[in-house]
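Notes follow the structure.
The values are calculated or read from the model by the stated rules, or taken from the named source; none is laboratory data. Everything numeric here is computed off the predicted structure, so don't read it as measured data. Please note: Cβ atoms are built from the backbone with ideal geometry, for glycine as well, and neighbour counts cover all protein chains shown. These accessible areas exclude ligands, DNA and RNA; they are computed on the full protein's heavy atoms, side chains included. Shrake-Rupley method; radii C 1.70, N 1.55, O 1.52, S 1.80 Å.
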Amino acid sequence: FYRASAKMGAGICSNIVKNGIDVVVYDINPANVQKFVDMGASSAATVKELAAQVDVCITCVPMPKDAKGVLLGPDGVFETPEGGVHFDLSTLDIETVVMLEAEAAKLGKKYLVIPMGKGPAFAADGTCPLFGGGDKATYDKYEECLLKKMGKPAYIGDVKAGCALKLIQNLMGMLNAVCSESIKLAKLANIPKEQFIEQISNSGAFSFQFKNTASGTFDEDFEHPVFTVNLAFKDVRLGIEMCESFGQRVPMMSRAREVFAATAEKYGEENFTATFKML
């Protein structure tokens, strides 16, 4: 497991360790490695050393360039001997996952995308949806013995399908950042926070994003992010680039990209509902 410090990756990694599976971890931050060693995992000094020790190598990194670097870069995962299986939990774009699958195939390796469908809390308690994409035989081989110990897996199709579902889900979820606009209106209307949250939660306007972010946004607490503006912007950007590659116009989602881009310039490391500050 590489980059176990990422909140989502940390949750998944914890589940694997707790299920008694032998895990080797590597992270750029030694303190994060120690956390998992204390739980019973082993550690590796480099990414290449990690990949050489395991049957399945799992990565979870922020950006497509990070995935390319850790897999294809000097001393990367794909520098190990021929063969092996790789699960990529990162949110990437279709062009990148197709390229990485092709590079893996040249080395006799299997590359699957397994992006996650909910946040860190669900990753940690083993209930996070996992969108499987790639070679079906490889997915089937590891579904019971590994994937079901990581979360709630479902096979979607090839790597393009698994990646696309994640990007579509992100576009739908990030558009719920409009909840920051709704909260602004509630405050202007002098509706008490508890009353507002309770009534919205019992109505058709309720969403997963609202549940996770309404209270903090109402209190204008953006410095303890559930999910940062920068990551939200990345997810929306990749999703819209996919839409554009399909030749499909998505005007409302495109407007959301503009809002996140503007917000990221000022508040990139704050919670994604810091779009509230742009109103």
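Some points to look at:
- Where helices (runs of 4 or more DSSP H) fall wholly inside the stretch 126-235, the ranges with 3 or more residues that are under 20 Å from ALA264 (Cβ atoms) and of a type in the set (S, T, N, Q) are 208-218.
- Tally, over the stretch 44-68, of residues that are of a type in the set (Gly, Ala, Ser), more than 30 Å from ARG237 (Cβ to Cβ) and open to solvent by less than 60 Å² (accessible area, probe 1.4 Å): 1
- Test: residue in the stretch 84-107 that is farther than 21 Å from TYR139 by Cα, open to solvent by 60 Å² or more (accessible area, probe 1.4 Å) and in contact with a Leu (Cβ under 9 Å, 6 or more places away or on another chain): no
- In the stretch 79-102, the residues that are in contact with a strand residue (DSSP E or B) (Cβ under 8 Å, 6 or more places away or on another chain) and of a type outside the set (Ser, Thr, Tyr): GLY84, VAL85, HIS86, PHE87, ASP88, LEU89, LEU92, VAL97, LEU100, GLU101
- GLN209 vs. criteria at pLDDT 95 or above and among the polar types (S, T, N, Q): no
- Matching residues in the stretch 108-125 - criterion: being assigned to a loop (DSSP other than H, G, I, E, B), under 25 Å from PHE227 (Cβ atoms) and open to solvent by 30 Å² or more (accessible area, probe 1.4 Å): LYS118, ASP125
- A count restricted to the stretch 248-278 and to residues that are touching a residue at least 24 places away in the same chain (Cβ under 8 Å), under 22 Å from the mean Cα position of the chain (by Cα) and in a helix (DSSP H, G or I) stands at 13.
- Residue in the stretch 156-163 that is more than 28 Å from GLN248 (Cα to Cα) and open to solvent by 10 Å² or more (accessible area, probe 1.4 Å) present: no
- Count - residues of the stretch 69-81 that are open to solvent by less than 70 Å² (accessible area, probe 1.4 Å) and in a loop (DSSP other than H, G, I, E, B): 3
- Among all positions in the stretch 19-27, there is at least one residue which is surrounded by fewer than 16 Cβ atoms within 10 Å (Cβ to Cβ), in contact with a helix residue (DSSP H, G or I) (Cβ under 8 Å, 6 or more places away or on another chain), in contact (Cβ under 8 Å) with a residue 60 or more places away in the chain and among the polar types (S, T, N, Q).
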